[in-house]
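**Student:** Attaching a single structure in structure tokens format; questions to follow.
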Protein chains: 2
Amino acid sequence: MTFTGRELRTTLTEDGTLTLSLEDVTVPAPGPDEIVVRVEAAPINPSDLGLLLGPADMKTLESSGTEERPIATFRLPKAILGGLRPRIGQSLAVGNEGAGIVVAAGEKAKALEGRRVGMVGGAMFADYRVLKAREALPLPDGATSAEGAAMFVNPLTALGFVETMRMEGHTAIVHTAAASNLGQMLQKLCLADGIPLVNIVRSEEQADILRALGATHVLDSRAEDFRKRLTDAVAETGATLAFDAIGGGDLGSTVLQAMEQAASRNATEYSRYGSSVFKQLYVYGALDPSPSTLNRLAFGFTWSVSGWLLFNFLRRAGAEVNARMRQRVVDELTTTFASRYTATIGLAEALRPDVLKAYERKATGEKYLIDPTRG
Amino acid sequence: MTFTGRELRTTLTEDGTLTLSLEDVTVPAPGPDEIVVRVEAAPINPSDLGLLLGPADMKTLESSGTEERPIATFRLPKAILGGLRPRIGQSLAVGNEGAGIVVAAGEKAKALEGRRVGMVGGAMFADYRVLKAREALPLPDGATSAEGAAMFVNPLTALGFVETMRMEGHTAIVHTAAASNLGQMLQKLCLADGIPLVNIVRSEEQADILRALGATHVLDSRAEDFRKRLTDAVAETGATLAFDAIGGGDLGSTVLQAMEQAASRNATEYSRYGSSVFKQLYVYGALDPSPSTLNRLAFGFTWSVSGWLLFNFLRRAGAEVNARMRQRVVDELTTTFASRYTATIGLAEALRPDVLKAYERKATGEKYLIDPTRG
């Protein structure tokens, strides 16, 4: 028995045209340790957008095709094609994670047949997905695919932040764009584990979301006294570690500066090289793809700014930590790790102009869940 | 017996006035493990300038006082005093390192009496310096104070770069502002130890200095094909580690981008998160104090940009590595670790307007050696 279904594809051609479309694909029969899953839910995560849309400008969006087989096209300026060269001409499948029903299983994976599983590994914006059984995790009894669709990227990232903090000897965390689904999970985790967390948001509405969860430190970066309040919060919590989803601009630099000022409040003598307190900023997202600006002179020489990537972290953390984190996700799937969505849409609807354009305002927290069974 | 002499002091007052002057100081009698050194040579290192001049604008320089006791004054805008607050009102001594004759010694340090020593620890722009015997290193027989004046900061930094490379698993180095005294030492070390080094300079004159030492990879950042040649050199050497003396602007970012492009030349499939090759940029100087710009999208998520500070490194490296590095400096003092100076000047001359202004063009490599015995 084979399964044929639609797969969302993104293709960039030499002339700078980026095309999103649905292609028919027959998934191969599962190998002995593989399963075929009928996808019932897959979130459009910020981490999917780089592959899905690249640096596409929404102003160039043109829609064509039919309601069932829509096509979205963007024009990219040739000047920015350089860094994208490796993907030119390839029809790429999209979707980091999802959940669904196991409709076929190889001989070593029979136990999963008929089970609802969460899964990770790409190409989830599709009707069917074949994958290794170990890349899937059975959902707890009674959990829906919508509940299990986002059990990897955000939960493991939030847990990864906490593990990174412990591995590197920090005791508190600063988080930007903190009202995101991920940010809410992190706040819940930090409350449960007694870790001081300084949340940076950019509206009172976002602040309210976090306060409703019990957050103590919630700062609006647009407030006039933001820098002073940030330094106060960093001094109070002792945070020397920050995770930044934004990347562009100077917010990360401002966080390092606040850490430096908090450290030098207690300094007894002037050091021309800045404080000896090590300050670490991890950039894990690119909500603002523009360059990062580091005002180094404001925070001395004892600091590091690094990329943070879930896959790199999981490799570094090792099998034991990975297993412990996955178990916690399963145990707290519908509490700590619950996600909220703006709307649930079908696969064809994912190419609707208003849905695509919503991601231009991605920092606003609009987030869609794709359910291919809806059409 | 006590010694009285001049000490160069830098003082910032609440109103934004930065004053350089010579003050009379009587050094305390040496403790049992201390020595008094009559300073004969002390280099004005780039690393001294932050303390000496801070962010002073040379256009505001006013000279007063006498030829023997000159005074140099700068006006700093109040807006930038914030980060300098800890030093306001303090008369600070300057000069990271130097060399001279031991003119008095405590009972446990008698062996050093009459010896010529190199020393590190601040306040070297002075006629006399009292310090712990272990902060001084006897010069090899026949070595002059001029030869031993710079045996700590640059030699240990160059050796520290190589040790850092080994500790962190890299196999080649990229260096900016590479024609500096430090850069020349690094090139000599890398040749001796068989380490591929990519030198970035900004004139043909600087390139010639390095080529005369036997450098293979010397790139002029002002050349039109700089980026392409940098990527080629990084690909050829396999460099994934860079040390940047400049800090400001986007040169560091350009180096990371070259490393990323070199890594993806061999990539077989497109990764939206960039290559999995870890790229490390260390910023160890601030020849350009303006902000650093990181074009993150050009180099993915597997990277780190960090401050590199000699004192932090020495602490991290531990006693054994420290001892090994110091011994190598003594052994190769007049070869690998020889420094060149634009001129040797007296202590009073260090406050001459033309000398101070030379440091505005500090990236040009002008470098003075202070010999207080000259006046």
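The values are calculated or read from the model by the stated rules, or taken from the named source; none is laboratory data. Predicted model, so just to flag it, every value in this text is computed and none were measured. Neighbour counts are summed over all protein chains in view; Cβ atoms, including those assigned to glycine, are modelled from backbone coordinates with ideal geometry.
**Student:** Do the conditions hold for A:Ala338, that is, is it within 14 Å of chain B (Cβ to nearest Cβ), at pLDDT below 95 and in a loop (DSSP other than H, G, I, E, B)? Can you show your working first?
**Tutor:** Values: within 14 Å of chain B (Cβ to nearest Cβ): no; at pLDDT below 95: yes; in a loop (DSSP other than H, G, I, E, B): yes.
No: the conditions fail for A:Ala338.
**Student:** Of the residues that make up the stretch B:348-360, is at least one farther than 30 Å from A:Gly285 by Cβ, surrounded by fewer than 17 Cβ atoms within 10 Å (Cβ to Cβ), within 18 Å of the chain's Cα centre (by Cα) and more than 14 Å from chain A (Cβ to nearest Cβ)? Spell out the reasoning first.
**Tutor:** Of all residues in the stretch B:348-360, those farther than 30 Å from A:Gly285 by Cβ come to B:348-360.
Filter once more, keeping what is surrounded by fewer than 17 Cβ atoms within 10 Å (Cβ to Cβ): B:353-354, B:357, B:360.
Subset that is within 18 Å of the chain's Cα centre (by Cα): B:360.
From the residues that got through so far, the ones that are more than 14 Å from chain A (Cβ to nearest Cβ) too are B:360.
There is at least one residue in the stretch B:348-360 that is farther than 30 Å from A:Gly285 by Cβ, surrounded by fewer than 17 Cβ atoms within 10 Å (Cβ to Cβ), within 18 Å of the chain's Cα centre (by Cα) and more than 14 Å from chain A (Cβ to nearest Cβ).
**Student:** Considering only residues of the stretch A:15-46 that are within 14 Å of chain B (Cβ to nearest Cβ) and touching a strand residue (DSSP E or B) at 6+ places or on another chain (Cβ under 9 Å), which is surrounded by the most Cβ atoms within 10 Å (Cβ to Cβ)? Write out each step before concluding.
**Tutor:** The initial filter retains those residues of the stretch A:15-46 that are within 14 Å of chain B (Cβ to nearest Cβ), namely A:18, A:45-46.
Next, only the ones that are touching a strand residue (DSSP E or B) at 6+ places or on another chain (Cβ under 9 Å) stay: A:18, A:45.
On the way: A:Leu18: 23, A:Asn45: 21.
If we take residues in the stretch A:15-46 being within 14 Å of chain B (Cβ to nearest Cβ) and touching a strand residue (DSSP E or B) at 6+ places or on another chain (Cβ under 9 Å), then A:Leu18 is surrounded by the most Cβ atoms within 10 Å (Cβ to Cβ).
**Student:** Right, next: If I filter the stretch A:229-238 for residues that are part of a loop (DSSP other than H, G, I, E, B), within 11 Å of chain B (Cβ to nearest Cβ) and either touching a residue at least 60 places away in the same chain (Cβ under 8 Å) or polar (S, T, N, Q) (or both), do I get at least one hit?
**Tutor:** Keep residues of the stretch A:229-238 that are part of a loop (DSSP other than H, G, I, E, B), which gives A:238.
Subsequent filtering for residues that are within 11 Å of chain B (Cβ to nearest Cβ) retains none.
No, that holds for no residue.
**Student:** From the set of residues in the stretch A:18-53 that are without any contact (Cβ under 8 Å) to a residue 60 or more places away in the chain and over 26 Å from the mean Cα position of the chain (by Cα), which is nearest to A:Ala133 (Cα to Cα)?
**Tutor:** The extreme case among them is A:Thr26.
**Student:** Touching a residue at least 12 places away in the same chain (Cβ under 8 Å) and more than 27 Å from A:Met185 (Cα to Cα), is that true of A:Ala109? Even if it seems obvious, please write down each step before you answer.
**Tutor:** On the way: touching a residue at least 12 places away in the same chain (Cβ under 8 Å): yes; more than 27 Å from A:Met185 (Cα to Cα): yes.
Spelling it out, A:Ala109 is indeed touching a residue at least 12 places away in the same chain (Cβ under 8 Å) and more than 27 Å from A:Met185 (Cα to Cα).
**Student:** Looking at (1) under 17 Å from B:Gly183 (Cα atoms); (2) touching a Ser or Thr at 6+ places or on another chain (Cβ under 6 Å); (3) loosely packed, with under 14 Cβ neighbours inside 10 Å, can you tell me which one B:Leu310 breaks?
**Tutor:** (3)
**Student:** So in the stretch A:54-79, with the set limited to residues that are surrounded by 14 or more Cβ atoms within 10 Å (Cβ to Cβ) and within 14 Å of chain B (Cβ to nearest Cβ), which one is nearest to the chain's Cα centre (by Cα)?
**Tutor:** Looking at the filtered set, the residue picked out is A:Gly54.
**Student:** List every residue pair whose Cβ atoms sit under 6 Å apart, with the two residues 6 or more apart in sequence or on different chains, where the first one lies in the stretch B:192-206 and is in the same structural domain as B:Leu182 (by TED's automatic domain parsing) and crowded, with 24+ Cβ neighbours inside 10 Å and the second, anywhere, is in a helix (DSSP H, G or I) and hydrophobic (A, V, I, L, M, F, W, C).
**Tutor:** Final answer for the pair search is B:Leu197/B:Cys190; B:Val198/B:Ala233; B:Asn199/B:Leu210; B:Val201/B:Ala207.
**Student:** Do you know which of the residues in the stretch B:296-316 that are within 22 Å of B:Arg265 (Cβ to Cβ) and either touching a Cys at 6+ places or on another chain (Cβ under 7 Å) or not charged (D, E, K, R) (or both) is farthest from the other protein chains (Cβ to nearest Cβ)? If you could, list the steps in order and put the result at the bottom.
**Tutor:** If we filter the stretch B:296-316 for residues that are within 22 Å of B:Arg265 (Cβ to Cβ), which is where we start, we get B:296-304.
So of that shortlist, the ones also either touching a Cys at 6+ places or on another chain (Cβ under 7 Å) or not charged (D, E, K, R) (or both) come out as B:297-304.
Values: B:Leu297: 6, B:Ala298: 6, B:Phe299: 8, B:Gly300: 7, B:Phe301: 4, B:Thr302: 6, B:Trp303: 5, B:Ser304: 4 Å.
It comes out as B:Phe299.
**Student:** Based on what the data block shows, is A:Thr293 under 28 Å from B:Ser290 (Cα atoms) and either surrounded by fewer than 20 Cβ atoms within 10 Å (Cβ to Cβ) or within 14 Å of chain B (Cβ to nearest Cβ) (or both)? Can you show your working first?
**Tutor:** Values: under 28 Å from B:Ser290 (Cα atoms): yes; either surrounded by fewer than 20 Cβ atoms within 10 Å (Cβ to Cβ) or within 14 Å of chain B (Cβ to nearest Cβ) (or both): yes.
Yes, satisfied.
**Student:** All but one of (1) within 30 Å of B:Gln261 (Cα to Cα); (2) without any contact (Cβ under 8 Å) to a residue 12 or more places away in the chain; (3) of a type outside the set (Phe, Trp, Tyr) hold for A:Leu156; which doesn't?
**Tutor:** Every condition holds for A:Leu156 apart from (2).
**Student:** Residue check: is B:Leu12 closer than 30 Å to A:Ser275 by Cβ, touching a helix residue (DSSP H, G or I) at 6+ places or on another chain (Cβ under 8 Å), within 14 Å of chain A (Cβ to nearest Cβ) and surrounded by fewer than 19 Cβ atoms within 10 Å (Cβ to Cβ)?
**Tutor:** Values: closer than 30 Å to A:Ser275 by Cβ: yes; touching a helix residue (DSSP H, G or I) at 6+ places or on another chain (Cβ under 8 Å): yes; within 14 Å of chain A (Cβ to nearest Cβ): yes; surrounded by fewer than 19 Cβ atoms within 10 Å (Cβ to Cβ): no.
No.
**Student:** Hey, another quick one. What single numbered condition from (1) within 14 Å of chain B (Cβ to nearest Cβ); (2) under 21 Å from the mean Cα position of the chain (by Cα) fails to hold for A:Glu135?
**Tutor:** It is condition (1) that A:Glu135 fails.
**Student:** Right, something else. Just one of B:Val321, B:Val329 is at pLDDT 95 or above, surrounded by fewer than 18 Cβ atoms within 10 Å (Cβ to Cβ) and more than 9 Å from every other protein chain (Cβ to nearest Cβ); which is it? Spell out how you get there, then give the answer.
**Tutor:** Values: B:Val329 fails: surrounded by fewer than 18 Cβ atoms within 10 Å (Cβ to Cβ).
None of the other options fit; the residue is B:Val321.
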